[in-house]
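The values are calculated or read from the model by the stated rules, or taken from the named source; none is laboratory data. Small disclaimer: the values here were computed from a predicted structure and weren't measured. Cβ atoms come from the backbone with ideal geometry, glycine included; neighbour counts cover every protein chain shown.
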Amino acid sequence: MESQKNEENVTSNLLKAQSHIWNHIFNFINSMSLKCVVDLGIPDIIHNYGKPISLSKLISLLPIHPSKTCFIHRLMRIMTHSSFFSQYNVTENELEIEYMLTDASILLLKDNPMSVTPFVHAMLDPVLTNPWHQFSTWLKNDDPTTFETTHRMLLWEYVACDSKFSNLFNESMASDTRLVTNLLIEKCRGVFNGLESLVDVGGGTGTMAKALAKSFPQMEFSVFDLPHVVDGLQGSENLNYVGGDMFKEIPPTDAILLKWILHDWNDEECVKILKNCKDAISKKGKQGKVIVIDMVLESEKESINESVETQLFFDMLMMVVLAGKERNKKEWIKLISSAGFSDYKITPILGLRSLIEIYP
């Protein structure tokens with residue numbers, strides 16, 4: 001009897017192991033199904049309908065070939081399982097099942113000011129997904145990134161020479177910035193108390209700086225990025241654009257903002273950036289600070305919940321695409337002290353990311 005029970009346990013464990021492997025093999029199906037839903041505009045169709053929409057009605061509003069209508073139920077089933085939609089009036093007749101948006105799919109609405117749709121388009125574009133097929137090849141060569149193994153150039157070089165992908169990438173960053181800025185202004189206004197000026201380093205076209213300039217009219221804001229990024233951009237009464245290289249020198253200011261910048265770079269490069277930040281705020285002759293918005297890996301947690309897994313996904317993305325990394329608290333402290341700063345404050349208030357204030 002004991003032997004039979006052991007055999008059953010072995011069989012059960014074997015089947016569980018197989019299922020675990022299969023789930024990881026087919027994880028990409030969730031991503032590509034999500035991309036399909038966004039491409040078809042399904043969240044917007046449901047939202048514009050204004051009430052729970054039946055599958056039959058949804059199909060009638062989709063831009064699909066008549067021969068493909070029978071497949072939409074299966075697409076909606078996997079997306080409902082993944083919590084992008086909720087179901088009502090569930091019956092045996094699948095055409096009568098009704099769907100509504102969830103918090104996740106509301107963020108996929110194109111007209112939502114905090115829409116993450118551009119981020120979906122950019123991150124799942126073949127330019128960024130193809131390098132994953134070269135991951136093991138990259139580990140066997142001396143290329144800086146898997147992206148370079150695939151495209152024979154660094155990401156920033158690719159962005160500079162491919163206008164279509166550049167627009168896609170820049171809009172994805174801007175869409176994320178809009179969401180973060182809204183939370184920053186709403187939850188963390190005190191971070192800007194007493195500051196007269198701020199430089200948004202690597203601020204792109206100024207999505208965050210524009211919102212901050214509007215909310216804090218008493219402050220002076222500058223967007224500091226590579227000359228070709230800011231060339232021709234028009235500022236406002238308390239906002240201007242400055243071209244330059246953060247690895248060489250950063251304009252003097254009371255405070256510096258680094259939103260999703262440091263995770264792009266290795267430790268040595270981050271220390272160089274932070275030292276230039278320290279020089280910039282020291283030139284003003286009073287106590288300033290560096291404001292970092294980035295992930296702090298929850299590496300000490302024993303259980304891997306969804307948020308921790310997402311952070312680990314981002315760490316792998318940084319390794320494959322940019323030769324950067326996400327960091328845990330100890331790694332952040334090491335960077336901060338290596339750059340000559342004396343104090344810091346970490347506030348985990350921005351979901352997967354934290355607000356890190358660094359003081360000279």
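Please work out if E331 is acidic (D, E), under 21 Å from D200 (Cβ atoms) and at pLDDT 95 or above. Taking the combined requirement at face value, the residue does not satisfy it. One residue stands out in region 95-121 among those that are of a type outside the set (A, V, I, L, M, F, W, C) and part of a helix (DSSP H, G or I): the one that is surrounded by the fewest Cβ atoms within 10 Å (Cβ to Cβ), namely D103. Considered as a group, the residues in region 177-195 that are surrounded by fewer than 18 Cβ atoms within 10 Å (Cβ to Cβ) and among the polar types (S, T, N, Q) include one that is nearest to D294 (Cα to Cα), and that residue is N182.
Considering the conditions (1) loosely packed, with under 13 Cβ neighbours inside 10 Å; (2) more than 30 Å from V180 (Cα to Cα), D143 is excluded by exactly one of them, (1). All of K278, K210 fail the test of being within 23 Å of P360 (Cβ to Cβ) and in the same structural domain as H133 (by TED's automatic domain parsing), apart from K278.
In the set M123, M100, only one residue is at pLDDT 95 or above, touching a helix residue (DSSP H, G or I) at 6+ places or on another chain (Cβ under 9 Å) and under 16 Å from S33 (Cβ atoms); that residue is M123. Screening E92, E8 for residues that are in a helix (DSSP H, G or I) and of a type outside the set (A, V, I, L, M) leaves exactly one candidate, E8. Scanning region 197-234 for residues that are touching an Asp or Glu at 6+ places or on another chain (Cβ under 7 Å), closer than 18 Å to L179 by Cα and of a type in the set (A, V, I, L, M) gives M208, A209. Whether a residue is surrounded by 13 or more Cβ atoms within 10 Å (Cβ to Cβ), in contact with a Ser or Thr (Cβ under 6 Å, 6 or more places away or on another chain) and either in a loop (DSSP other than H, G, I, E, B) or not assigned by TED's automatic domain parsing to the domain that holds P126 (or both) was assessed, and M76 does not pass this test. Elements of the type helices (runs of 4 or more DSSP H) sitting completely within region 196-302 and holding at least 3 residues that are surrounded by 15 or more Cβ atoms within 10 Å (Cβ to Cβ) and either free of Cβ contacts under 8 Å to residues at least 60 places away in the same chain or β-branched (V, I, T) (or both): these cover 207-215, 267-282. Scan region 146-170 for residues that are closer than 17 Å to P126 by Cβ and crowded, with 17+ Cβ neighbours inside 10 Å and jot them down. The answer is T146, F147, E148, T149, T150, H151, L155, Y158, V159, F165, L168, F169. Do we find that S31 is part of a helix (DSSP H, G or I), outside the structural domain of N130 (by TED's automatic domain parsing) and among the polar types (S, T, N, Q) in this structure? Answer is yes for this residue. Taken over region 322-360, the residue count meeting the criterion of being within 20 Å of K187 (Cβ to Cβ) and of a type in the set (D, E, K, R) is 3.
In region 4-55, which residues are of a type in the set (S, T, N, Q), surrounded by fewer than 16 Cβ atoms within 10 Å (Cβ to Cβ) and touching a residue at least 12 places away in the same chain (Cβ under 8 Å)?
Result: N30, S31.
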